[in-house]
């Protein structure tokens, strides 16, 4: 077979069947974007294989013909990792959507990588178990995609990120071979940790086809919502929370602009965003409601030294959900408002105050609007930079490159990194050499080369 | 400089100073063994560098002259990873023993890799924090060694293994370059997870010189000790504990032979090892003593369906320590009794009963004595095989190879692995091709080659 595109697509049709290679323009459009708001790339074909065996055959063809192919999960990413080259091939994992086994003794779940994360969470919950990564896009993202970018969630403070739950992966390598990276056990000191090498590798080393995840028992939740009149007191409160020895499952915040946008979006009048410079959420978990309330009261007393505002406490499932509303809707509120870019820097918790002040300084210098919110307990800020409605796409892109770089350099200077959960993708690739030494990039290229000599995937 | 050994040692003396290259036979002997009882390998020199810069210079020399060198931590390993080739060079990390920073806001500790694990645990405890890996050799092993083999501990059921606490590492690569693998943050989705690639790589990719670890707040402990008259009921009780949705920080056990040996060693008469086929320990953790006792009573009621014996509960620090005694001394009790080999297979928790039965069957078939104990909550068994006092060293080694292989093959057949915390080292290397596919070994060799083309380290 030659490397001619029609030949390749015909050969792939022979593997997956005619119905599972999409070439209709309207259908292709659905695979042209992720959740960034301002770029699309229409593929020439979308392939929908049914299992790892078909994927293996497809990759063999791509490898032999040096045809690049982009793996796509739920398409909910914000780093453009799921976007193909123009006229490229997309391999969608949407048909690999079976939950294979939930084992209550082992507390592990085995599933195909195209299962929607919330479907997986619901299925294990039915068995009395919990996959604790409540990622905000859970209703649409695929579990394989979560693993590919090592995504985080509001619960990452207590539970770590997706990577901390992955114990074994089935991978199709670019040469078509199929491997498992580990064993279905929670302790393993036998050889290099291939499982964690693939986790977070954004599909650049192989295609994740099956996943084995650790589970935990479900627990009760209690939520505090704490408005602050001074944002610096919010950061000080968070830092001292840890010094005092307290613990929480989530510590999240939104800043003043976020309060304004979310209030408008949700049509809620109770927060005066002139007075309120930020809102903090502290979520506690445990098995005993009474004990949780005791802890909440103790924490309320502690945190009230940092704000004169009244503290809200929710301790039933519905109340907790309602109290999270403003935080959980802030992303939508921003999308509703403007075109924007969402970056997700991380700094050590001891530097959150300094990072926030620096973002304000950078925004003032370059005169852009923004809001900061996110996983403040982990030092992980979503900085959403708004597009000035007057500027052209070209102007916006040129400016953005400078602004993003200024924020990234500050995060790096403070010992942080440029992404805590979104990944590098295409969008952060230009900044990788700021975030890493040449040596680190050299090592990563070496690893990439080892698995994908012809650079066919992603 | 030539590759002549005297030239190399002289060049190294110029780097570290005369006092820090040991060549005296008596001193060398101290570096000739690990904690396996039956092998030694005397090195020709032991080098004691003071920091990563000296190590970098040493590795440059080794790399240029293709001289192999073995890194040694506390020498407490049981897989012979710290033993040099005969007349080889040892690089000991014992002078890299500084704790650099404990940050209470970030809840992380930065230390050199030669810090004794218990010293690190004590230092963070003084600051109101906890490094929860209470590995049994903590008083002698080095934190860098724990990371190199990704060691576990009795607390691994709740806290995972050492790998789950490593967020950043300073590494000297075989070519002498010095890199950091990550950043001092708890979320990072920027590039491949080099931190976890080095963790558990047993020093084969580079030398760990500094470590950055996550910490947690300390909590209270409560311990149940439960004797069983039927070992199969012990395994069933453990399995149903998880089905019921209970949680624990440790679930450990020793079998009948272990009860006999430990009772004799500790001169304790209360356990009749004719009647008692196994003892189970369940440790609970929490912030509230009253709540812990409630849980303990509930669990006691549950577990008493599986054994007629009386359940002991300890809830003060001293009582807990005393109640752990038999489990914590079983290793010493075995050493005191016979020459032995300790293997540490892992199987899924749903297979612990089948694995235990198979070990008994294999022992009966080949007629050897043994005891099984360990981290049953993780499915991680320490199988200690005793040397028949009549057999010669040669006979023992020949037999052992067959017996160990039979046990390993069964663990693998049950979806498990050959080591949960000891690592591969020299001792398990012959079995690696049973534990892994050719493809996996090929990938690992490729990674090794990428970092250490001349195969100079470990």
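What ranking do B:267, A:175, A:434 get, fewest neighbouring Cβ atoms within 10 angstrom at the top? Don't skip to the answer; put the middle values down first.
Details: B:267 6, A:175 18, A:434 13.
Final ranking by Cβ density, sparse to dense: B:267, A:434, A:175.
Taking Cα atoms only, the orientation of helix B:52-65 departs from the longest principal axis of chain B by about 70 degrees. Spin-label model, residue B:236/residue A:409: points 7 Å from Cα along the beta carbon direction are separated by 6.9 nm.
Nearest 5 percent is fine: what portion of the DSSP beta bridges confined to the stretch A:327-458 is antiparallel? The partial results should precede the final answer.
Values: 12 of 13 bridges.
Just about 90 percent of them are antiparallel.
Expressed per residue, the C-alpha convex hull volume of the stretch B:138-283 stands at 167 Å³. According to the Kirkwood relation over distinct C-alpha pairs, the hydrodynamic radius of chain B is 23.3 Å. In plain terms, if you count all Cα to Cα distances in the stretch A:220-432 and split them into 5 Å steps from zero, the share in each step is 1, 7, 15, 18, 20, 16, 11, 6, 3, 1, 0, 0 percent.
Set the Förster radius R0 to 60 Å, insert the Cβ-Cβ distance between residue B:367 and residue A:354 as r into 1/(1 + (r/R0)^6), and round the FRET efficiency to 0.05. Display every interim value, and only then the final one.
Numbers: r = 68 Å, r/R0 = 1.14.
With a Förster radius of 60 Å, E is 0.30.
Take residue B:220, push a point 7 Å out from Cα through the beta-carbon direction, and compare it with the same point in every other copy: 1.8 nm, smallest first.
Here is how far apart the residue B:232 label points are across copies: 7.0 nm, shortest first, using a point 7 Å from Cα toward Cβ. Residue order for A:393, B:394, A:214, A:5, fewest other beta carbons within 10 angstrom first, comes to B:394, A:393, A:5, A:214.
Taking a ≥ b ≥ c as the square roots of the Cα gyration tensor eigenvalues, the stretch B:323-444 comes out oblate, since a/c reaches at least 1.5 and a/b does not exceed b/c.
Between 0 and 90 degrees, the angle of helix B:231-243 with respect to the longest Cα principal axis of chain B falls at about 80 degrees. Dividing the helix sum by the residues of chain A, where each DSSP H run of 4 or more adds -39500 (n - 2.57), gives a mean residue ellipticity at 222 nm of -11500 deg cm²/dmol.
When restricted to Cα atoms, the stretch A:159-224 yields an Rg and a Dmax of 14.3, 51 Å, respectively. Principal axis extents of the C-alpha atoms in the stretch A:88-184 (largest first, rounded to whole Å): 38, 29, 23.
Here's the picture: a label point sits 7 Å out from the Cα of residue A:289 along the beta-carbon direction, and within the stretch A:237-261 nothing has its amide nitrogen under 16 Å of it.
Taking a ≥ b ≥ c as the square roots of the Cα gyration tensor eigenvalues, with a/c under 1.5 meaning rounded and otherwise prolate when a/b beats b/c, else oblate, which class fits the stretch A:34-143?
Details: a/c = 3.45, a/b = 1.56, b/c = 2.21.
Taking the square roots of the gyration eigenvalues as a ≥ b ≥ c, the stretch A:34-143 is oblate.
Relative to the longest principal Cα axis of chain A, at what angle does helix A:289-303 sit, 0 to 90 degrees, rounded to 10? The answer is roughly 70 degrees.
For the stretch A:1-94, what value does the Rg/Rh ratio take when both radii are computed over Cα atoms and Rh is the Kirkwood radius, given to two decimals?
Reported Rg/Rh (Cα atoms, Kirkwood Rh): 0.95.
The convex hull defined by the C-alpha atoms of the stretch B:384-435 has an orientation-averaged projected area of 3.9 nm².
Fewest neighbouring Cβ atoms within 10 Å first, the residues A:201, A:419 line up as A:201, A:419.
The antiparallel fraction among DSSP beta bridges confined to the stretch B:1-94 stands at about 20%. When chain B is turned onto chain A, its residue with the beta carbon nearest the axis, and that distance in whole angstrom, is B:196, 2.
Dividing the convex hull volume of the alpha carbon atoms of the protein assembly as shown by its residue count, what do you get in Å³ per residue? Present the calculation step by step, with values, prior to reporting the outcome.
Numbers: hull volume 161.6 nm³, N = 916.
About 176 Å³ per residue, rounded to a whole number.
The distance from the alpha carbon centre of the stretch A:374-433 to that of the stretch B:207-263 is 45 Å, rounded to a whole number.
Residue A:398 label point (Cα plus 7 Å toward Cβ) to equivalent points in the other copies: 8.3 nm, shortest first.
From largest to smallest, the equivalent ellipsoid semi-axes obtained for the stretch B:406-453 from the alpha-carbon gyration tensor read 22, 12, 8 Å.
All distinct Cα pairs of the stretch A:240-307 go into the 1/r average, and the inverse of that average, the Kirkwood radius, is 13.7 Å.
Only the coordinates and a few stated rules stand behind these numbers; no lab work does. Keep in mind that this is a model prediction, so the values were computed, not measured. With ideal geometry, Cβ positions are generated from the backbone for all residues, glycine too; neighbour counts draw on all protein chains shown.
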